[in-house]
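Nothing in this text is a laboratory measurement; each read-out follows from the coordinates by a stated rule. A quick note: this is a predicted structure, and the numbers were derived from the prediction, not measured. All Cβ positions, glycine included, derive from the backbone under ideal geometry; neighbour counts span all protein chains shown.
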Amino acid sequence: MSKKDLKDNLLYENKNAFGDASEKEKAEIFDFCEGYKKFINEAKTEREFCESACRELAKAGFVPLSSKKSLKAGDKVYTVNRGKGVIAAVIGKKDITEGINLVGAHIDSPRLDLKPNPLYEDNGIAYFKTHYYGGIKKYQWTAMPLTIHGVAALADGTQIKIVIGEDKNDPVFCVSDLLPHLASKQMAKKASETISGESLNVMLGNIACDDPDVKEGVKYNVLKMLNEKYDITEEDLLSSEIEVVPAFEARDIGLDRSMIGAYGQDDRVCAYTALRAIIDIKKPEKTSVCLLVDKEEVGSMGATGMQSRNFENIMAKICSMMTKNYNDITLRETLSNSTCLSADVGAAFDPNYPEVSEKRNSAIFGGGIYLTKYTGSRGKGGASDASAELVAKIRKIFNDNGVKWQIGELGKVDEGGGGTIAQFVANLDMDVIDAGVALMSMHSPYELSSKFDVYMTYKGYREFYTEA
Ligand code: MN
Ligand code: MN
C-alpha cells in the first residue's frame, strides 16, 4: 500500500463534499430539490402533507391496502391514519417474517394552533387566540406574515378545508410585537419570557359591521366573512383544527443556490425524501415501508403519533395478507427482524454558534445524510442508542452505493438534547438509528438545509430500501 493509500485508509475525515459532486450529480441534486421545494410549499401541515403524499403515491401506482385481498411481491399499497399519517409499502420477494426495511419520518412541525374557542375582539381589533405547538422560540413568531391552514368538522359530518394566505391575492396574518422605544422592560427579560404564550394572538380585522345592535362589531364582521367564504359559524370553529404557519415559500439560499430556506423542514425534508425513495425503488428483496406520523413535536402521543398502535395494526394486516397460517407470532417475528431508519433532522454545526457543538461529533452542511447514534440528554438519559452492528450495516450500504454520510450527536455533552420517534420504534424490538438531514435554525419559522444533504438523504433511504 502506498503512503497516500495508507493515509486515506487509516484516517477518517468528514468534510463538505458538495463541491466534489460531478456536474451530472449536481444537476440531479438541484433538480431533486426543485421538486422538494414545490412539494413543501403545498404541504405546510400534516393533513396537507398526507393529502399530497397520497396523490403522489397514487400517481406512482400505489393502491389503498383496503382494495386488496392478498399481497404478493411487487405490490404497492398505502393506508391513511385519520388524515394525518401515511404508511406506504412495496411488498418484497422474501418472506415477511425475515423483516421489513422501514423508514419513518414525522409530518407535523412547530407552529401556532388555534385554541378551542379562538375568536375574540379587543379594543376594536379581532383576533384568534393560539396555543403554540412544539418547541418554539416564541419571539420568532411575531412581526412576520402568517397564513392559516386547517379544517372545520361540521356537525353533519362534512369537513371544510380552510387555507388563507397562500394565494398571492389573499391577505396574510400577523402577531404584533412591541416597538423598541417602549420595550426597555421587555428587552431586559430573558429571551424565553420576552413574548408570553398568551400574547401570541393573531390579528384578523379592524372594521366593525354597520349594525349598531351588534356589541362586538369587528369580531362579527370577521365571522361574517368566514361564513361567506366557508359557510361556517363561530360554533363550527369549536370543532376545528386550524394551524397558523409562516407565509414564507421555500427559497434558494446563497449566491450559489446551494441551500434551502423553508418553514417546517423538520421533518418534511425527511418525510419527502423517504416518500420519494419508496416511490422510486423497483422490486426490493425485503418489504419496504415508509411511515409518516404526526405528533412527534409534542411527544408522539395520541392515535396519530408513533406511540399509537396504528403501525402495528397495519403491519398485522399486511403480514396476514402475505401469510397462509397467520398468527400473532408472524407479526412479532416480522417486527423483531426488521430494521428502521428513523428519518428525522439533526442539528448542523453553525459557525455563528460554535460554542454549543463539539465539532468532531457534529454534522456539517455538505456532509451528507446524518446518522445520529443516540439522542437523549445528560449522560445519554432517555437515549435510544443504535448498536455498533447496525451502524456498520448502514455504513456499508452507504459506502457501497456512493452515499455521502456523517455521524454525530446533538450538541455538546450537557448542552441540551432532544428525542425522535426512534425510541418508540426500538420498543417494537426493532433495530433503529436516526438518519436524516442536518439543519440550521431548527424549529425556527425559516429552517435551513444544504441541497447536497437533502439529496444524499434521499439516496441513502433509497439504497437502504434496496440493499438492507
Ligand atoms: Mn423532527
Ligand atoms: Mn423537531
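What the table shows:
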quantity: Charge dipole of region 1-71 about the Cα centre (unit charges at C-beta), most positive-ward option of Ala21, Val63, Ile40; calculated: Val63
quantity: Lysines whose Cα lies under 20 Å from that of Lys26, excluding same-chain neighbours fewer than 8 positions away; calculated: Lys15, Lys37, Lys38, Lys404, Lys451, Lys459
quantity: Between helix 46-59 and the chain: long-axis angle, C-alpha atoms, 0 to 90°, nearest 10; calculated: 50
quantity: Extension reserve of the Asn327-Leu182 stretch, reckoned as 0.36 nm per residue once the Cα distance is removed; calculated: 45.3 nm
quantity: Distant-in-sequence amide H partners of Ala347 (H built 1.01 Å from N, under 5 Å); calculated: Leu439
quantity: Rounded if a/c under 1.5, otherwise prolate or oblate - the chain, Cα gyration tensor axes; calculated: oblate
quantity: Residues of type lysines that Lys224 reaches as a straight line, Cα spacing below 30 Å, ignoring anything fewer than 8 places off in the same chain; calculated: Lys44, Lys84, Lys115, Lys129, Lys161, Lys168, Lys215
quantity: Charge dipole (region 254-372, unit charges on Cβ, about Cα centre) - positive-most of Leu341, Ile329, Leu292; calculated: Ile329
quantity: Label-point separation, Glu312 to Glu415 (7 Å along Cα→Cβ), nm; calculated: 3.7
quantity: Virtual spin-label span in nm between Lys4 and Ala27, 7 Å along Cα→Cβ; calculated: 2.9
quantity: Positive dipole terminus of region 146-188, leading residue within Ala183, Val151, Gly165 (C-beta point charges); calculated: Ala183
quantity: Tail fraction, Cα-Cα pairs, region 111-246, threshold 18 Å, whole percent; calculated: 58
quantity: Relative contact order %, region 383-434, counting alpha carbon pairs below 8 Å whose residues are six or more apart; calculated: 51
quantity: Beta bridges per DSSP with both ends in region 20-135, % antiparallel, nearest 5; calculated: 85
quantity: Mean separation of Cα contacts under 8 Å (6+ apart) over length of region 325-442, as relative contact order %; calculated: 43
quantity: Relative contact order (percent, whole number), the chain, Cα cutoff 8 Å, 6+ residue spacing; calculated: 22
quantity: Inter-label distance for Asp122 and Asp213, nm, one decimal - labels placed 7 Å from Cα along Cα-to-Cβ; calculated: 3.0
quantity: Charge dipole magnitude, Cβ of K and R +1, D and E -1 - the chain, Cα centre, debye nearest 20; calculated: 1480
quantity: Gain in span if fully extended, Ala388 to Ile160, counting 0.36 nm per residue against the direct Cα distance; calculated: 77.2 nm
quantity: Proximal lysines relative to Lys190, as straight alpha-carbon distance under 16 Å, when same-chain residues fewer than 8 apart are discounted; calculated: Lys137, Lys138
quantity: R0 of 41 Å, Cβ-Cβ distance Met225-Lys190: FRET efficiency to nearest 0.05; calculated: 0.60
quantity: Dipole magnitude (debye, nearest 20) for region 111-246, charges at Cβ of Lys, Arg, Asp, Glu; calculated: 880
quantity: Fraction of beta bridges assigned by DSSP in the chain that are antiparallel (%, nearest 5); calculated: 70
